[in-house]
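The values are calculated or read from the model by the stated rules, or taken from the named source; none is laboratory data. What you see is a predicted model, and the numbers here were worked out from it, not measured in a lab. Here the Cβ positions follow ideal geometry from the backbone for every residue, glycine too, while neighbour counts run over all protein chains shown. Quick note on the areas: whole protein, heavy atoms, side chains included, nothing else; ligands and nucleic acids left out. Shrake-Rupley method; radii C 1.70, N 1.55, O 1.52, S 1.80 Å.
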Amino acid sequence: MHDASSIIAAKRDGRELSGAEIDWVVEAFTRGVVADEQMSALAMAIFFRGMTREEVSRWTTAMISSGHRLDFTHLGRPTVDKHSTGGVGDKITLPLAPLVAACGAAVPQLSGRGLGHTGGTLDKLESIPGWRADLDTSEMAEILSDPEVGAVVCAASSDLAPADRRLYALRDVTGTVESIPLIASSIMSKKIAEGTGALVLDVKVGSGAFMKKLDDARELAQTMVDLGNDAGVRTMALLTAMDAPLGHTAGNALEVRESLEVLAGGGPSDVVELTLELAREMLKAAGIDGVDPADKLRDGSAMDRWRRMIAAQGGDPYAPLPTARHTEVLLSESDGVVCGLDAMAVGLAAWRLGAGRARQGEPVQAGAGIELHAKPGETVSVGTPLVTLHTDTPERFAAAKAALSEAWTVVADAPPVTTPLVIERIEDPSR
């Protein structure tokens, strides 16, 4: 017979939990037998003591077993998904999902909303008039099985890993979000439960990411790759740079607009590069050969998929996107080369302008955010526009400008320096 106090004490003292103990505590927490304060104590013990690979794998399986697991094997084509750990200006899912679908895969993408300095994919898409994030399983299957669509981006249903949903809410208010075993199991329990056959992880590292240090990002990526492959989902990860924002925008409708530029064959070079890099990895993981995703951007196929995907979820792909009622431009105060741009500062400023939320459930402004005019490697002069701030509430400008006061590092006569976007590739060595 198990009890929560003994399991908490065991992990507090550094003992590896048995599979039976993990199964019991997760199931009992889901039923309400284990109280929130007890699970919070266990999360703190895990935060300090960590978990072995076997513990994390069993914990993840227990999270999945707390709810429903989707199955899309009947679609008749390979399924593959992508997950990003979150960054500033990270709109990659928007062009990526329809692009990979245009290459022959089905893409069941469960996404979330933003919190704090990182934007949420669903918040971005909800700036499109009529688009809805909440779909049931039959609606997902119908869209995925449509040979003219094949991609869906939506919110996870409440019966998908419900234990993780409850635990995350506790972690968010108890200082235990940063635990790598709990981050990995939280992400992977939902991704495995969504029923995808293959998964590519985009693990961000840098000032604008949750993982600031390369070693931490590498540990998180390897843990998630192991969890996915242990569960029968072909999984690999890319470590990608997040010291500067991706693209030239951070905000909701602003990022949708930039994503449309990519789908039209243009767009910022870093967004295009990462979109194509992830698309190629997803196609490889799905076992699809002989298709170059760059061709699908050039010939308009990806844009066609985008329009059908948006329409399939109730949106109007041709409707004008919302714009903020007020803008303000900040100018460079010096001459030189931009050698640094703090992604965290940009994300914080976008959040303060109304693009993000401080608590779950708060509304966001569809048109608010940041439009960048100078990024690392570019030359600026006194009076050169650095950024345009967008908001419906101009009283927010002061706080946003304070966040950006030291965001740019401009050095006179500095040679342009480019840093690689993809830092490292991690996969199961047995595959």
Query raised in the report: Are any of the residues in the stretch 68-79 closer than 21 Å to ALA155 by Cβ, crowded, with 24+ Cβ neighbours inside 10 Å, among the β-branched types (Val, Ile, Thr) and touching a residue at least 40 places away in the same chain (Cβ under 8 Å)?
Result: no
Query raised in the report: What single numbered condition from (1) over 24 Å from LYS212 (Cα atoms); (2) not assigned by the TED database to the domain that holds GLY120 fails to hold for ALA311?
Result: (2)
Requested in this report: Considering only the stretch 34-45, state which residues are in contact (Cβ under 8 Å) with a residue 24 or more places away in the chain and not small (Gly, Ala, Ser).
Outcome: VAL34, ASP36, GLN38, MET39, LEU42, MET44
Query - Residue in the stretch 386-408 that is least open to solvent (accessible area, probe 1.4 Å), counting only those that are in a helix (DSSP H, G or I) and hydrophobic (A, V, I, L, M, F, W, C) - result: ALA400
Requested in this report: Count, please, the residues in the stretch 144-179 that happen to be in contact with a Gly (Cβ under 8 Å, 6 or more places away or on another chain) and either aliphatic (A, V, I, L, M) or outside the structural domain of SER111 (by the TED database) (or both).
Outcome: 6
Query raised in the report: Can you name the residue in the stretch 32-51 that is among the charged types (D, E, K, R) and in contact with a Lys or Arg (Cβ under 9 Å, 6 or more places away or on another chain) and is also farthest from GLU178 (Cα to Cα) among such residues?
Result: ASP36
Report task. Among the residues of the stretch 266-286, count how many are touching a residue at least 40 places away in the same chain (Cβ under 8 Å) and open to solvent by 50 Å² or more (accessible area, probe 1.4 Å). Result -> 2
Report task. Could you list all residues from the stretch 128-161 that are under 13 Å from GLU194 (Cα atoms), among the β-branched types (Val, Ile, Thr) and under 20 Å from the mean Cα position of the chain (by Cα)? Result -> VAL152, VAL153
Report task. Could you identify the single residue in LEU135, LEU199 that is touching a Ser or Thr at 6+ places or on another chain (Cβ under 6 Å) and on the phi < 0 side of the Ramachandran plot? Result -> LEU199
Query - Any hit, the stretch 368-375, residues being among the acidic types (Asp, Glu) and free of Cβ contacts under 8 Å to residues at least 60 places away in the same chain - result: no
Query raised in the report: List, please: which pairs have Cβ atoms under 7 Å, are six or more places apart or on different chains, and start with a residue in the stretch 226-242 that is within 21 Å of VAL422 (Cβ to Cβ) and acidic (Asp, Glu) and end with one that is at pLDDT below 95 and open to solvent by 10 Å² or more (accessible area, probe 1.4 Å)?
Result: ASP226/ARG53
Query raised in the report: Consider GLY356 against the criteria (1) open to solvent by 30 Å² or more (accessible area, probe 1.4 Å); (2) at pLDDT below 95: it satisfies all of them except one. Which criterion is unmet?
Result: (1)
Query raised in the report: LYS204 is checked against (1) within 30 Å of LEU297 (Cβ to Cβ); (2) touching a Gly at 6+ places or on another chain (Cβ under 8 Å); (3) surrounded by fewer than 20 Cβ atoms within 10 Å (Cβ to Cβ) and fails just one. What number does that condition carry?
Result: (3)
Requested in this report: Take the stretch 237-248 and flag every residue that is open to solvent by less than 10 Å² (accessible area, probe 1.4 Å) and over 14 Å from the mean Cα position of the chain (by Cα).
Outcome: GLY247
Requested in this report: From VAL329, VAL380, VAL337, grab the single residue that is open to solvent by 50 Å² or more (accessible area, probe 1.4 Å), over 17 Å from VAL88 (Cβ atoms) and of a type in the set (A, V, I, L, M).
Outcome: VAL329
Report task. Go through (1) touching a Lys or Arg at 6+ places or on another chain (Cβ under 9 Å); (2) crowded, with 17+ Cβ neighbours inside 10 Å; (3) among the aromatic types (Phe, Trp, Tyr) one by one and return the number of the condition TRP306 breaks. Result -> (1)
Query - Residue that is of a type outside the set (A, V, I, L, M, F, W, C), under 18 Å from ARG69 (Cα atoms) and crowded, with 20+ Cβ neighbours inside 10 Å, where the choices are SER179, SER158, SER185, SER138 - result: SER185
Query raised in the report: What are the residues in the stretch 98-110 that are in contact with a Gly (Cβ under 9 Å, 6 or more places away or on another chain) and either of a type in the set (Phe, Trp, Tyr) or buried (at least 24 other Cβ atoms within 10 Å of the Cβ) (or both), if any?
Result: PRO98, VAL100, ALA101, ALA102, ALA105, ALA106, VAL107, PRO108
Report summary line: Within the stretch 361-375, residues open to solvent by 20 Å² or more (accessible area, probe 1.4 Å) and touching a Ser or Thr at 6+ places or on another chain (Cβ under 8 Å) come out as GLN365, ALA366, GLU371, HIS373
Query - Yes/no for TRP59 being surrounded by 17 or more Cβ atoms within 10 Å (Cβ to Cβ), free of Cβ contacts under 8 Å to residues at least 24 places away in the same chain and not assigned by the TED database to the domain that holds SER185 - result: no
Query raised in the report: Which one of the conditions (1) in contact with a helix residue (DSSP H, G or I) (Cβ under 8 Å, 6 or more places away or on another chain); (2) buried (at least 20 other Cβ atoms within 10 Å of the Cβ); (3) over 19 Å from VAL107 (Cα atoms) does ASP226 fail to meet, given that it meets all the rest?
Result: (2)
Report task. Examine the stretch 36-47 for a residue that is surrounded by fewer than 16 Cβ atoms within 10 Å (Cβ to Cβ) and more than 22 Å from the chain's Cα centre (by Cα), and state whether such a residue exists. Result -> yes
